[in-house]
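Novice: First the structure, which I've put down as structure tokens, then a few questions once you've had a look.
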């Protein structure tokens, strides 16, 4: 059982199956290609404190409060196109938008609960954040609705889009509806 604490083993002592399960397997970092592969392998056999590394997104996650939560450092990518759709690989990253023209960022329901995408507006063009496919709750700046868009209101401002529950996202930061 994860969370059983630390155990010191003596040389030549016999380990029981329960000890191997409790102190080695349940408390080791498990490696999977994607969150889908992890879910497929583990099913409902998860418990608080389990740790996994996803090679596809290079993310380190811990299972807590009934969900996997990312522990990653944030990577930064740059985007100059006038339209950008967030992908699963963008979870827990920062995207720097630097176009002189307006840019629209669409966020479909592809993040895991607790993951977020940070958006920085470095360019002169307005950055608009919009809900995408599968998002049923989209809220921020005192307003809500999947048809609502949010604008990062100043150059060098920023916002975070976080998945807070199934199909539910919050937009926080330097934004206006």
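Novice: Given R₀ = 45 Å, what would the calculated FRET efficiency be for residue 51 paired with residue 124, taking r from the Cβ atoms and rounding to 0.05?
Specialist: 0.60
Novice: By per-residue mean of other Cβ atoms within 10 Å, what is the highest-first order of 28-40, 48-60?
Specialist: The packing order, highest mean first, is 48-60, 28-40.
Novice: Measuring from label point to label point, each 7 Å out along Cα→Cβ, what is the residue 42 to residue 29 span in nm?
Specialist: 1.5 nm
Novice: Related question: D for the stretch 42-117, whole µm²/s, Stokes-Einstein with Kirkwood Rh over alpha-carbon pairs at 20 °C and 1.002 mPa s: what number? Could the numbers behind the result be given before it?
Specialist: On the way: Rh = 13.8 Å.
After rounding, the answer is 155 µm²/s.
Novice: Continuing with this model, one more query. Taking the highest mean first, how do the peptides 145-152, 124-131, 13-20 order by number of other beta carbon atoms within 10 angstrom per residue?
Specialist: 124-131, 145-152, 13-20
Novice: Here's a follow-up. If you take every DSSP beta bridge whose two residues both sit in the stretch 17-70, what share of them, in percent to the nearest 5, is antiparallel?
Specialist: Working: 8 of 12 bridges.
Counting only bridges with both partners in the stretch 17-70, antiparallel ones make up about 65 percent.
Novice: State the extension gain, in nm to one decimal, for the chain segment bounded by residue 170 and residue 75, taking 0.36 nm per residue of separation less the distance between their alpha-carbons. Don't skip to the answer; put the middle values down first.
Specialist: Values: separation 95, 0.36 × 95 = 34.20 nm, distance 2.06 nm.
Extra length from residue 170 to residue 75 when fully extended: 32.1 nm.
Novice: To the nearest 0.05, how large is the calculated FRET efficiency for residue 102 and residue 62 if R₀ is 41 Å and r is the Cβ-Cβ distance?
Specialist: Once rounded, the FRET efficiency stands at 0.60.
Novice: Next up: To two decimal places, what compactness ratio does the chain give when its Cα radius of gyration is scaled by 2.2 N^0.38 Å?
Specialist: That ratio works out to 1.27.
Novice: While we're here: Among DSSP beta bridges whose residues both lie in the stretch 1-140, state the antiparallel percentage, nearest 5.
Specialist: 25 percent
Novice: On a C-alpha basis, how far is the centre of the stretch 5-69 from the centre of the stretch 101-146 in Å? Whole number, if you could?
Specialist: Using only Cα atoms to place each centre, the spacing works out to 32 Å.
Novice: Using only the Cα atoms of the stretch 75-176, what are the Rg and Dmax in Å?
Specialist: 12.0, 35
Novice: Taking each pair of different alpha-carbon atoms in the stretch 17-70 once, compute 1/r for the pair, average those values, and report the inverse of that mean as the Kirkwood hydrodynamic radius in Å to one decimal.
Specialist: On the way: mean 1/r = 0.0880 Å⁻¹.
It works out to 11.4 Å.
Novice: Ok, one more. Which value at 222 nm does the chain reach when only helices count, each DSSP H run of 4 or more adding -39,500 (n - 2.57), with the total divided by all residues and rounded to the nearest 500 deg cm²/dmol?
Specialist: Value at 222 nm, helices only: -1000 deg cm²/dmol.
Read-outs: derived from the displayed coordinates by stated rules, not from any lab. Here the structure is a predicted model, which means the values were calculated and not measured. All Cβ positions, glycine included, derive from the backbone under ideal geometry; neighbour counts span all protein chains shown.
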